[in-house]
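So the structure is just underneath, and the comments pick up after that.
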Amino acid sequence: MDDPQAPGTLPATAAGTSPEAPWPLRVLSENLKRYFERAPQAWIEGQLIEFKVIRGNAWMTLRDLDGDYSLPVTAWRNVAATLDGTVQQGSRVVACVKPSFYTKTGKLSMIASAMRPVGLGDLLARVELLRRTLEAEGLFSPARKRPLPVLPNLIGLVTGRDSDALKDVMRNTHLRWPAARFEVREVAVQGASAPREVMAALAELDAHPEVDVIVIARGGGALEEVVLPFSDEALVRAVAAATTPVVSAIGHEADRPVLDDVADLRASTPTDAAKRIVPDAAVEREAIAAARMRLASGVERLVGHEAQQLASLRSRPVLAAPERMVTERAEDLARWRERARSSMAGRLEREHDAVGHLRARVRSLSPQNTLDRGYAVVQHEGRVVRAAGEVAPGDALDILVAAGRITATTETTSETTSETTSAEETR
């Protein structure tokens, strides 16, 4: 039976191992060593939180600048000799490292072939590069800037723990507007953890329903302490993405972190921020008093002008003696009534005379008037006798005269010719 541990019978890869065909520990260690030795070198950046030189070799621990990651780094004496006086514990460095696996103990370490401190000039160059990148993205555009509220309901304040900036902002804000209210988040404002803590506080205040404006404030200090933490790309982008207006009040007038360019308003100092976020109550009271005076003056002018207009209207005849309109109309009515009466009386008189004339003409043509002139109407058996031949002797006649009737008997009749009648009428 073959020995499972014989070199010729070992699985070629880790995937081929099994409980019946395992690798000896030395095989895994040697394979890991060969695997890590194939890894390329890499330049990394971090902060030295441990730095010891023992027998000429440097034993270090490098921590990430943003996250909670650390890595042991070793520099052999030929490299460590170049680090003397250039780096120390707490330094921010860049290092060219390659992984190394020590098979005896199974320890993985990073071997540094080169290391140098990150100088302030390098850091500021990175800041300027980030500034140009963000500007090209449009994050500095004035069109993105949101206006601050005239009078914020609640002011969010992100600043250092028990810092002068905290006291300056709150004191000067309350001097200007005593009723101002704050929601404060005290965080680290320098060091590697500062950007993360500021971002967390910003997120909390941005989500607060009552916060109307957020102030990120820090007092003065060394350039690297003021500019670098507030030029962190993640923090700057978080400020750009915030929905609440953000005021940057970092350091002094000469300090210019990238946060200043992205914020909706840059204040030169924390004190200046207090002057920007709330109005001055004294100035507002003076403005209100001046406005009230202008309003009162305007009302007085308006009332005076209207009084003059009213007096002018009242001085007009129609308003000075308003009954005159009624009187004049009454006089007109009386005249028209008198003219109507006069016209009616004249018309009645003329019509009365016309009726009299007509009456006289009618009377002159009436049968009674004819009878009054001596004529008589002779009737026989109820018919008017117009010719003598209509009656015979002995007929009874009824004679109508102007005053009464006469009964007679016909004795004789005689016919008259038309010529005789005409001659008699002529006579």
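Please treat every number below as a calculation from the coordinates, not as lab data. Computed from a predicted model, the values in this text were never measured in an experiment. Here Cβ is always computed from backbone atoms with ideal geometry, including for glycine, and neighbour counts include all displayed protein chains.
For the peptides 126-132, 247-253, 50-56, residues were scored by their other Cβ atoms within 10 Å and the scores averaged per peptide; the highest-first order is 247-253, 126-132, 50-56.
Using R0 = 45 Å, the C-beta based FRET efficiency linking Lys145 and Glu50 works out to 0.50. By DSSP, what percent of the beta bridges with both residues in the chain are antiparallel, rounded to the nearest 5? Roughly 65 percent of the beta bridges in the chain run antiparallel, per DSSP.
Extension gain Arg292-Glu204, at 0.36 nm per residue separation less the Cα-Cα distance, in nm?
Gain on stretching Arg292 to Glu204: 27.5 nm.
Between the Cα long axis of helix 323-364 and the first principal axis of the chain there is an angle of about 30°, rounded to the nearest 10. Using only alpha-carbon positions in the chain, the gyration tensor eigenvalues give semi-axes of 143, 40, 16 Å once each is multiplied by 5 and square-rooted (largest first). Proximity of backbone amide H atoms, modeled 1.01 Å from N, is registered between Val378 and Val385, Leu400 at under 5 Å, excluding neighbours fewer than 5 places apart on the same chain. Axis angle, to the nearest 10 degrees, between helix 194-207 and the longest C-alpha principal axis of the chain: 20 degrees. Subtracting the Cα-Cα distance of Leu129 and Phe182 from 0.36 nm times their residue separation leaves 15.5 nm of extension gain.
The gain in end-to-end length when the Ala136 to His174 segment is fully stretched comes to 9.8 nm, 0.36 nm per residue minus the alpha carbon separation. In deg cm²/dmol and to the nearest 500, what is the mean residue ellipticity at 222 nm of the chain if only DSSP H runs of at least 4 residues count, each as -39500 (n - 2.57), divided by the residue total? Roughly -13500 deg cm²/dmol at 222 nm, from the helical runs in the chain.
Around the amide H of Val53, modelled in the peptide plane, lie the amide H atoms of Trp59, all under 5 Å away and 5 or more residues distant in sequence or on another chain. Taking the longest Cα principal axis of the chain as reference, the axis of helix 120-136 is set at about 30 degrees. Each peptide in 133-146, 75-88 was scored by the mean count of other Cβ atoms within 10 Å over its residues; highest first, the order is 75-88, 133-146.
What's the FRET efficiency of Ala403 with Leu365 using the Cβ-Cβ distance as r and R₀ = 30 Å, to the nearest 0.05? It comes to 0.95.
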